[in-house]
Amino acid sequence: MRFGVVVFPGSNCDHDCFYVLEHVLGQQVSYVWHGDTDVSGYDCLVLPGGFSYGDYLRTGAVARFSPVMGAIERFANAGGYVIGICNGFQILLEAGLLPGAMMRNTGLKFICRFVDIRVETSSTPWTSSASVGQVLSAPIAHNEGNYQVDTMQLEEMKRHGQVVFRYCSPEGSVLPEFNPNGATEAIAGVCSIEGNVLGMMPHPERASEAEMGSEDGLVVWRSLLTHCGVNV
Amino acid sequence: MARARVYITLKEGISDPQGKTVLRALKSLGYDEVADLRVGKYMELELDGEDKGKLESRLGEMSEKLLANPIIEDYRMEVEV
């Protein structure tokens, strides 16, 4: 598969994503500059973590108007695969490609540590190789991960199977003490109705090699590759 | 040249972790009369143009598109020509 890792001013997980896709998974990867307006030729676009435009105004609010975003919106609406990780997730929310909005963590602290997340659906391209209830260990590193969505929208999302990951205990129980940031219903990741766009706060690219402390993030990449008919 | 002010506040029902922390800090300083506190954003703009109606409609557009996130925030504006 051909992956494009989008680089905004202030992205800082772009190299990690590139490394995992190329060296760990053996895929073709290029960087896509935020000023580019052509994303044809890619199968999947990755919006990496970081602090695009210094997180000024709101996280992702300025990056959302980068020239490349128009092309990404058309790509996503045409069924192209798009994953936003951490700041990338925040940008997808601001762009309206995913429902909801991000607020500051309830504890007002930047949180950088491993968390456990539970796979809520295996019906998305991103979790097709995982099982429902499977617990993944992956790091979060954010100040604004407090996912907010109104009740009506949330009910609609649940009907469409758009809640993909929830923060949980190591055994897979969703309990308030395992919700690191106050996110509505402990939501850690959501997808579009069609499932081709995924946003998640934990970093699968930082949990894709045993020596990094966890390989659980690989299931996200491998699910997509398998879904697209690539042998992994 | 016109001057404008935009006030951005969190929508009712959206929890405000910053506001709650400031509220607790005021209470710990002994200001027990503070019943609630919410933190918002205030912006000052200088705008070219004299037509108040047009400037307001443009500023409303700017607020909805970029300055505020309509999912979690409300805005209010004042334009002086």
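The values are calculated or read from the model by the stated rules, or taken from the named source; none is laboratory data. Note that the structure is predicted; figures quoted are calculated from it, not measured. When we count neighbours, we look across all protein chains shown, and the Cβ atoms used for this are built from the backbone with ideal geometry, even at glycine.
Scan segment A:13-30 residue by residue and report those that are over 25 Å from A:ASN231 (Cβ atoms) and either touching a residue at least 40 places away in the same chain (Cβ under 8 Å) or surrounded by 16 or more Cβ atoms within 10 Å (Cβ to Cβ) (or both).
A:CYS13, A:ASP14
Residue under question is B:MET77, and the condition is that it be modelled with pLDDT of 95 or more, more than 23 Å from A:ASN146 (Cβ to Cβ) and within 14 Å of chain A (Cβ to nearest Cβ); does it hold?
For B:MET77, the condition - modelled with pLDDT of 95 or more, more than 23 Å from A:ASN146 (Cβ to Cβ) and within 14 Å of chain A (Cβ to nearest Cβ) - is not met.
Could you check segment A:193-213 and list, in sequence order, the residues that are small (Gly, Ala, Ser) and surrounded by fewer than 21 Cβ atoms within 10 Å (Cβ to Cβ)?
Matches in segment A:193-213: A:ALA210, A:GLY213.
Can you tell which of A:VAL174, A:VAL230 is more than 25 Å from A:ASP16 (Cβ to Cβ), among the β-branched types (Val, Ile, Thr) and over 17 Å from the mean Cα position of the chain (by Cα)?
Sole residue among the options that is more than 25 Å from A:ASP16 (Cβ to Cβ), among the β-branched types (Val, Ile, Thr) and over 17 Å from the mean Cα position of the chain (by Cα): A:VAL174.
Just one of A:LEU224, A:LEU154 is at pLDDT 95 or above, surrounded by 21 or more Cβ atoms within 10 Å (Cβ to Cβ) and either in contact with a helix residue (DSSP H, G or I) (Cβ under 9 Å, 6 or more places away or on another chain) or not in a loop (DSSP other than H, G, I, E, B) (or both); which is it?
Exactly one of A:LEU224, A:LEU154 is at pLDDT 95 or above, surrounded by 21 or more Cβ atoms within 10 Å (Cβ to Cβ) and either in contact with a helix residue (DSSP H, G or I) (Cβ under 9 Å, 6 or more places away or on another chain) or not in a loop (DSSP other than H, G, I, E, B) (or both), namely A:LEU224.
This table checks each residue for (1) touching a strand residue (DSSP E or B) at 6+ places or on another chain (Cβ under 8 Å); (2) β-branched (Val, Ile, Thr).
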position: A:VAL7; (1), (2): yes, yes
position: A:HIS15; (1), (2): no, no
position: A:PHE18; (1), (2): yes, no
position: A:LEU21; (1), (2): yes, no
position: A:TRP33; (1), (2): yes, no
position: A:ASP38; (1), (2): no, no
position: A:GLY80; (1), (2): yes, no
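When you scan segment B:6-19, do you find a residue that is hydroxyl-bearing (Ser, Thr, Tyr), in contact with a strand residue (DSSP E or B) (Cβ under 7 Å, 6 or more places away or on another chain) and free of Cβ contacts under 8 Å to residues at least 60 places away in the same chain, even just one?
No: segment B:6-19 contains no residue that is hydroxyl-bearing (Ser, Thr, Tyr), in contact with a strand residue (DSSP E or B) (Cβ under 7 Å, 6 or more places away or on another chain) and free of Cβ contacts under 8 Å to residues at least 60 places away in the same chain.
Quick test for you: out of B:ALA68, B:ALA25, pick the one residue that is within 20 Å of the chain's Cα centre (by Cα) and of a type outside the set (D, E, K, R).
B:ALA68
Name the residue that is farthest from the other protein chains (Cβ to nearest Cβ), counting only residues in segment A:125-155 that are of a type in the set (Val, Ile, Thr) and closer than 28 Å to B:ASN69 by Cα.
Among residues in segment A:125-155 that are of a type in the set (Val, Ile, Thr) and closer than 28 Å to B:ASN69 by Cα, the one farthest from the other protein chains (Cβ to nearest Cβ) is A:ILE140.
How many residues does segment A:115-148 hold that are without any contact (Cβ under 8 Å) to a residue 60 or more places away in the chain, polar (S, T, N, Q), assigned to a strand (DSSP E or B) and under 21 Å from A:GLY217 (Cβ atoms)?
Looking only at that region, the number is 0.
For segment A:188-212, enumerate the residues that are part of a strand (DSSP E or B) and either of a type in the set (Lys, Arg) or under 12 Å from the mean Cα position of the chain (by Cα) (or both).
Matches in segment A:188-212: A:ALA188, A:GLY189, A:VAL190, A:CYS191, A:VAL197, A:LEU198, A:GLY199, A:MET200.
Of the residues in segment A:111-135, how many are surrounded by 13 or more Cβ atoms within 10 Å (Cβ to Cβ) and touching a strand residue (DSSP E or B) at 6+ places or on another chain (Cβ under 8 Å)?
16
Any idea how many residues of segment A:156-203 are more than 14 Å from every other protein chain (Cβ to nearest Cβ) and on the phi > 0 side of the Ramachandran plot?
Residues that pass the stated criteria total 4.
Which of the residues spanning segment A:195-232 are charged (D, E, K, R) and within 28 Å of A:THR184 (Cβ to Cβ)?
A:GLU205, A:ARG206, A:ASP216 - these are the residues of segment A:195-232 that are charged (D, E, K, R) and within 28 Å of A:THR184 (Cβ to Cβ).
Can you find a residue in segment B:49-57 that is in contact with a helix residue (DSSP H, G or I) (Cβ under 7 Å, 6 or more places away or on another chain) and more than 14 Å from chain A (Cβ to nearest Cβ)?
Yes, there is a match, as at least one residue in segment B:49-57 is in contact with a helix residue (DSSP H, G or I) (Cβ under 7 Å, 6 or more places away or on another chain) and more than 14 Å from chain A (Cβ to nearest Cβ).
Just to be sure, is A:LEU218 among the hydrophobic types (A, V, I, L, M, F, W, C), crowded, with 20+ Cβ neighbours inside 10 Å, modelled with pLDDT of 95 or more and more than 14 Å from A:GLY84 (Cα to Cα)?
It is true that A:LEU218 is among the hydrophobic types (A, V, I, L, M, F, W, C), crowded, with 20+ Cβ neighbours inside 10 Å, modelled with pLDDT of 95 or more and more than 14 Å from A:GLY84 (Cα to Cα).
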